[in-house]
Amino acid sequence: MPNSAVASCDDLHTELTHQEEFPSCRFSVAPMLDWTDRHCRYFHRLMSDHALLYTEMVTTGAIIHGKGDFLAYNEEEHPLALQLGGSNPADLARCAKLAQERGYDEINLNVGCPSDRVQNGMFGACLMGEADLVAQSIAAMREVVDIPVTVKTRIGIDEQDSYEFLTHFISTVSEKSGCDDFTIHARKAWLKGLSPKENREIPPLDYPRVYQLKQDFPHLKMALNGGIKTFDEMDEHLKHLDGVMVGREAYQNPYIMAQVDQRLFGSTKPIIKQRELVEAMYPYIERQLANGSYLGHISRHMLGLFQGLPGARQWRRHISENAHKAGAGIEVLQQAVAKIPAELDV
């Protein structure tokens, strides 16, 4: 990623259309199954104009054969990437084309999920052992779309965890498909014996390996994922890499998102306060409720907003106990935020 592209990120929203503003954002929120749905992404977008947001992983089968609209999103979510799960190049190309037509800013291929269900479908982390197939899949998608097609992967799988294995995968995919954009989860995946949750925690993080990968492939854009919690950590990683992807911390402690534009993109826009953020969600929530959504489906993403502050437990408890009730509306959040001491300037 050229340094000039990084420097220009702060001006993207005012100068470019959403199709043009994707290239080179330094910060993204990881695709997380059952977490980063469209309500979560809308909430995150209120805190950061420049963060790249990802959908949950959506399989090609769901898009092609499913009865629902698996490509739905809110226009406010841009820049937005669709993460696809699949291994059939023709199906992936078909879905990528549909996604571009719907206005997505990026297509990302999942080569990192270790669950048994994903492996049985021949996609996710097991594809690290099928570098040629990944290259064919990326090439098929790039053939039919103009938006970036990227890869999110691990540093290895099972006993195939040498640096040589990783560099073979990266070189094969990049050279045979033209892909120049990789996000690396700095843990290997155990395909047998560990649950997806355990695969996010037990295999040790190896940041130096990802740093070395960038040194050996300086022409490729590389972002780091895995265990990142603070801006100091992000600053350190960005000395070596082009971007950082934050997962659980952005979900469980979402207010970290409120400083992203100022800390990583040089924005001078005032940081939104927590109470203002809750109020900013009201119109969205009312629209969604009018369209048949339930408050709990939205408010669950907001539970960590006041983490570490007096009243945070009461905020969480009130929402958890009341958001699922029939007819629940924004009054639940109004009552919950009232439990945060008024003297706090938040």
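The values are calculated or read from the model by the stated rules, or taken from the named source; none is laboratory data. Note that the structure is predicted; figures quoted are calculated from it, not measured. We place every Cβ from the backbone using ideal geometry, glycine too, and count neighbours over all the protein chains shown. These area figures cover heavy atoms from the full protein model, side chains too; ligands, DNA and RNA do not enter into them. Shrake-Rupley method; radii C 1.70, N 1.55, O 1.52, S 1.80 Å.
Compute, for L33, the solvent-accessible surface of its heavy atoms (probe 1.4 Å) with the complete set of protein chains present, and express it in square angstrom to the nearest 10.
Near enough 90 Å² of accessible area.
Roughly how far apart, in whole Å, are the Cα centres of segment 223-247 and segment 116-185?
21 Å
For H39, H297, what's the largest-to-smallest order of accessible area, 1.4 Å probe?
Working: H39 15, H297 100 Å².
From most accessible down to least: H297, H39.
Compute the signed sum of charges (Lys and Arg +1, Asp and Glu -1) over the other residues within less than 14 Å, Cβ to Cβ, of F169. Don't jump to the answer; show the numbers that get you there.
Values: positive: K152, R154, K176, K188, R209; negative: E130, D132, D158, D161, E164, E175, D216.
In short, -2.
Where only protein heavy atoms count, and the probe is 1.4 Å, what is the accessible area per residue for segment 250-346 in Å²?
51 Å²
Give me the accessible area per residue for segment 69-135, probe 1.4 Å, as a whole number in Å².
On a per-residue basis, 34 Å².
Not counting ligands, DNA or RNA, and with a 1.4 Å probe, what is F70's accessible surface area in Å² rounded to the nearest 10?
F70 exposes around 100 Å² with every protein chain in place.
Report the relative contact order of the chain, percent, no decimals, based on alpha-carbon pairs under 8 angstrom and at least 6 residues apart.
15 percent
Using helices alone, what [θ] at 222 nm do you get for the chain, with -39,500 (n - 2.57) per DSSP H run of 4 or more residues, divided over all residues and rounded to the nearest 500?
On the way: 17 runs with 144 residues, N = 346.
The per-residue figure over the chain is -11500 deg cm²/dmol.
Counting only trypsin sites (Lys or Arg not before Pro) that sit in a DSSP loop (anything but H, G, I, E, B) with at most 10 other Cβ atoms within 10 Å, what is the longest stretch of the chain containing none of them?
It works out to 68-191.
Which links in K152/K229; K67/K229; K176/K214; K176/K229; K97/K239 stretch past 28 Å when you go from one Cα to the other?
From K152/K229; K67/K229; K176/K214; K176/K229; K97/K239, over 28 Å: K67/K229; K176/K229; K97/K239.
Sort S171, S48 from largest to smallest accessible area, using a 1.4 Å probe on the heavy atoms of the protein chains. Walk me through the intermediate numbers first.
Values: S171 25, S48 0 Å².
Result of the area sort, largest leading: S171, S48.
What's the carbon and sulfur percent of the chain's accessible surface, probe 1.4 angstrom, rounded to a whole number?
The C+S portion of the solvent-accessible surface of the chain is 49 percent.
Apply the Karplus curve 6.51 cos²θ - 1.76 cosθ + 1.60, θ = phi - 60°, to the phi angles in segment 325-332 and return the couplings in whole Hz, x for Gly and Pro.
Karplus-based 3J(HN,Hα) across segment 325-332 equals 6, 4, x, 4, x, 5, 4, 5 Hz.
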